Amino acid sequence: MPRLSLFDPSAARGGRSAVADVAFVLALALGATSAVAQSPAAPPAERTVLPDAASVSERARDTLDRVRPSIVQIQGFFGANTAQAFHGTGFAVARGGIALTNFHVVAEHVLYPDKYRLEYRTPGGATGKVTVLAVDVRHDLAVVRTEGFAPEPLALNTAVPPKGERAYSIGFPLDVGLTITEGVSNGRVADAFDARIHYSGALNGGMSGGPALDQRGNVIGINVAGYRFEQLVSFLVPAEHALPLLERARLAPLSAADATREVTAQLRAHGRALMDAVGGAPGTGFPVQTVAGYDLPGRLAPFVDCSASGDPAPDQPARTETIQCGAKAGVYVQQGLTTGDLTFTHYVLTGRTLDAWRFARRLGKMAEATGSFGHRRFLGPFACRDRAVKLSGFDAQLLLCVRAHRRFEGLYDFTARIVSLHRPTIGFVSHVDLYGVEFDGGMAFMRRFTEAIRWRS
Amino acid sequence: MAILMVETLDGHGRVVQRDRFETESRAPVVVGRGLEADVVVDDPHVAVRHAAIALDAQGCIKVTDLGSLNGVIVDGRRHKGARDLLVTRGTLQVGRTRLRVRSGAEVLPAERPDTGTSALAGRGVALAALGACAAIALYSVWLEAPPDFAPAAALALVGGATVSSVWVAAWALLSRILGGAWRWPAHAAIFFGVVAAVFVIGLGLDLTGFAFALPRAPWVAWLLSGAGVAVALFLHIMQASSLRRRTAALCAILLPAAVGGTAHWASARSEAGDVNHIADDFSLYPPALRVRAAAASENFFSEAESLKREADAGRRRIEAEDDTGQ
């Protein structure tokens, strides 16, 4: 499954990101070309045929010229440093220096206002202070005020352009200066937990928070994320989500003292929305799929992606079928913390040549946790319960663990392992991971999930 | 008649020369390098006539320096020109040679019982224990169901043999140094026997826990391993040295307790500070071995409500640790 990544504002200079890796490869290629050109022994270079100036997209140039005065680079600085810690893009949307950007561009400042400060820099080089007025964590938006900079605002187009309509994205990729990329809007992403516009054009680190425009120069969305290792699969936050946020910024601007409480409340609301969406209607069962005689929870909601794979190798003593599901609902809160998400994986094991003794051993190994998935900076340790429990038609070993978030009071991570203790050479292991939800909702979901599993003899 | 025996000891405390004197007149025994001495010591730091050892009327051992350059050392202190110096604990040193002086009045400790270790002397026990360990190694490989059993089994056997050889050889060497005998079969029997016993007991406990759905207790594995090491150490020490049973037991308990306790403490502390740590020991066995019925899921989830309190307490604990810079 391709990995979706936000354009982490710090990635532009971190040197560790895939974006930085690509930049490094390009630099190498330029160096090699230069060396060949300077070598006296090299054969004469073929004459380069440049495209006719008229064939260059004039509309892109016009669009950039028109919106350029309204675009700023938003820079974050740690403490009194003059070297930036991260940067993104913002654009004016209302008079009086009111601009839009992504929440993840300003998140460090919102959560640690004593440690990080924000400034803007216009393409012309003017700088000034940035104040955050409102944040929408779930939709990854923030309204800010750029002090001393009040250009003509860009107009918002809240109608999502249809598939195939030309679109442009503007920002400061990798801190190389104001840039416009040309692409195509592919409409709303189907079956997504959070509304996104699929933009088939280039988005790179540093363009986060920049405007995506239709052919008339109206803002259709805000640059937010893309797949790093795919080709031009990028995402925009639809412009419609900016309207309530602008209203909130006008009526009740965010104060630094309340910022963490506000972010916490929004994360809890996001968690509740996720639980409501995947929990199913009361009194109804979970959508399940039957594998090797077991009913296992599957695509709990339209936005939950599931993929199934098997191990066809005939020399293996047991056959493993894997069903992997993810809600892709995670909210980027700050570097190292993405939360408000659900993933689960079922491993169904069928013994071919294994006896019950060795089958049990192999099943137990599959239940062991793999990898680490959280930082002490944000989370407390797990508290666990482990017991053999009676489920529908069979017994299972159930391990359930919970840990509390440190900064966001009332948010918890859940992780569970459900292992069948039933048939001698047929069994399954389910790993369920639920991140950043309220305790009661998370516990209710875990119970419904567990009790939805049944043996169909 | 008075009996006096002077034993010359080597650097390891073993007797290399024993001179016995029976005298009516309690005449002193002369120690020196010269041939005219009663006890001839081949040590360049000893005078030709170095010291005289005698029993007084009460039967106490006294030493007199006969004008030597280096004097006599008693109780760690050097005495030059000493006369009728009481030899405490029956040992003294002339030059660089230690002497143990014994008299007929000496009170000997009771005879030590010689039980428990004689059975280890033969090869039968060692071979049986070795066979048990080989079977355990093969079982462990078989349990993992490797694609190709034979090479995996061979590697496990060779690897296990290498490690165990080093351990057994070290103890045999110690036996040779301290006791003059290698005692290969005894040390092999101790090592393989204890390893097999610990494995079998561990498996039994694990199976019992699975069958009766008992709560998992990681400290049981630590305790079992520590007890195994302690028993092995005790038996090895008894074979390799002449330490008293109580002293050997003390060493055998204290050493693994200190090492294992420290390791367990460090491991538990590291796990307590790791926010991703989950004690997920899924030692599963065939479902047919289960005896106790599983709990109802509603009971499990109602009990799990307390996880909120525990998770909050864990968060507060590491917050306090981070605040105090631990």
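The values are calculated or read from the model by the stated rules, or taken from the named source; none is laboratory data. It should be emphasised that the depicted structure is a prediction, and the values quoted were computed from it without experimental measurement. Neighbour counts are summed over all protein chains in view; Cβ atoms, including those assigned to glycine, are modelled from backbone coordinates with ideal geometry. SASA here: full protein model, heavy atoms, side chains in, ligands and nucleic acids out. Shrake-Rupley method; radii C 1.70, N 1.55, O 1.52, S 1.80 Å.
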Task: Label-point gap, in nm, between A:D440 and B:R316 - each point 7 angstrom along Cα→Cβ - done: 2.1 nm
Open item on the list: How big is the dipole moment of the stretch A:53-254 about its Cα centre under a simple scheme where the beta carbon of each Lys and Arg is +1, that of each Asp and Glu is -1, and everything else is neutral? Debye, nearest 20, please.
Closed with: 220 debye
Open item on the list: As an exercise, use a Förster radius of 30 Å and the Cβ-Cβ distance of B:R98 and B:W184 to find the FRET efficiency, rounded to the nearest 0.05.
Closed with: 0.45
Open item on the list: Which one, A:T260, A:A212, A:P317, projects farthest toward the positive side of the charge dipole computed for the stretch A:191-337 from Cβ point charges (K/R +1, D/E -1)?
Closed with: A:T260
Task: Cβ neighbours within 10 Å from other chains - mean over A:401-411 - done: 4
- [ ] Name the long-range amide H neighbours of A:M207: under 5 Å, sequence gap of 5 or more, or other chain; modelled H, no Pro or chain starts.
- [x] A:F172, A:L174
Task: the stretch A:245-388 - percent of accessible surface contributed by carbon and sulfur, probe 1.4 Å - done: 50 percent
- [ ] Mind checking the full-extension length gain between A:V184 and A:T338? Use 0.36 nm per residue of separation minus the Cα-Cα distance, one decimal, nm.
- [x] 52.6 nm
- [ ] Describe numerically, in nm with one decimal, the distance between label points set 7 Å from Cα along Cα→Cβ at B:S283 and at A:E262.
- [x] 5.4 nm
Task: Residues whose placed amide H lies under 5 Å from that of A:F428, excluding near-sequence neighbours - done: A:L349, A:S420
Open item on the list: Using a 10 Å cut-off around each Cβ of peptide A:313-323, what is the average number of partner chain Cβ atoms that fall inside?
Closed with: 1
Task: Dipole magnitude of chain B, debye to nearest 20 (Cβ charges: Lys/Arg +1, Asp/Glu -1, about Cα centre) - done: 1280 debye
Open item on the list: Among B:170-177, A:211-218, A:398-405, how do they line up by average Cβ neighbours within 10 Å per residue, starting with the highest?
Closed with: A:398-405, A:211-218, B:170-177
Task: Complex-versus-alone comparison for the stretch A:419-456, residues with a loss of 50 Å² or more in accessible area, probe 1.4 Å - done: A:L421, A:F439, A:M443, A:R447
Task: Under 14 Å from the A:E240 label point (7 Å along Cα→beta-carbon), backbone N, the stretch A:148-174 - done: A:157-162
Open item on the list: Roughly how far apart, in whole Å, are the Cα centres of the stretch A:217-276 and the stretch A:81-116?
Closed with: 14 Å
- [ ] Work out from phi, with θ = phi - 60° and the Karplus expression 6.51 cos²θ - 1.76 cosθ + 1.60, the ³J(HN,Hα) of each residue of the stretch B:174-187, listed in order in whole Hz, and give x for Gly and Pro.
- [x] 5, 4, 5, 5, 8, x, x, 9, 6, 6, 4, x, 5, 5
Open item on the list: To make sure I understand the rule: partners must be lysines, Cα under 22 Å from the Cα of B:K62, and not fewer than 8 residues away in the same chain. Which ones qualify?
Closed with: B:K80
Open item on the list: Sort B:17-25, B:156-164, A:339-347 by the packing proxy (mean of other Cβ within 10 Å over each peptide's residues), most packed first.
Closed with: A:339-347, B:156-164, B:17-25
- [ ] Determine the order of B:D42, A:D440 by accessible area, beginning with the largest, at a probe radius of 1.4 Å.
- [x] B:D42, A:D440
TODO: Mind putting together the pair-distance distribution for chain B? All Cα pairs, 20 Å bins, whole percent per bin, short to long.
DONE: 21, 35, 26, 16, 3
- [ ] Pop the C-beta distance of B:S164 and B:R89 into the FRET formula with R0 = 45 Å and round what comes out to the nearest 0.05.
- [x] 0.65
Open item on the list: I'd like the mean, over residues of A:352-359, of how many other protein chain beta carbons sit within 10 Å of each residue's own Cβ.
Closed with: 3
Task: Long-range HN-HN contacts of A:N186 with modeled amide H, under 5 Å - done: A:G164, A:H198, A:Y199, A:S200
TODO: Beta carbons within 10 angstrom, averaged per residue: use that to sort the peptides B:301-309, B:91-99, highest first.
DONE: B:91-99, B:301-309
- [ ] Starting from the Cα of A:D315, step 7 Å along the direction of its Cβ; do the same at B:A2; then give the gap between the two resulting points in nm.
- [x] 8.8 nm
Open item on the list: As a test of the definition: with a 1.4 Å probe, what buried accessible area, both sides summed, do you compute for A against B, in Å² to the nearest 100?
Closed with: 5000 Å²
Task: Dipole magnitude of the stretch A:130-230 about its Cα centre (Cβ charges: Lys, Arg +1; Asp, Glu -1), debye to nearest 20 - done: 160 debye
Open item on the list: Rolling a 1.4 angstrom probe over the protein chains, ignoring ligands and nucleic acids, what is the accessible area of A:L251 in square angstrom, nearest 10?
Closed with: 120 Å²
Open item on the list: Can you sort A:T322, A:T127 by solvent-accessible area, 1.4 Å probe, largest first?
Closed with: A:T127, A:T322
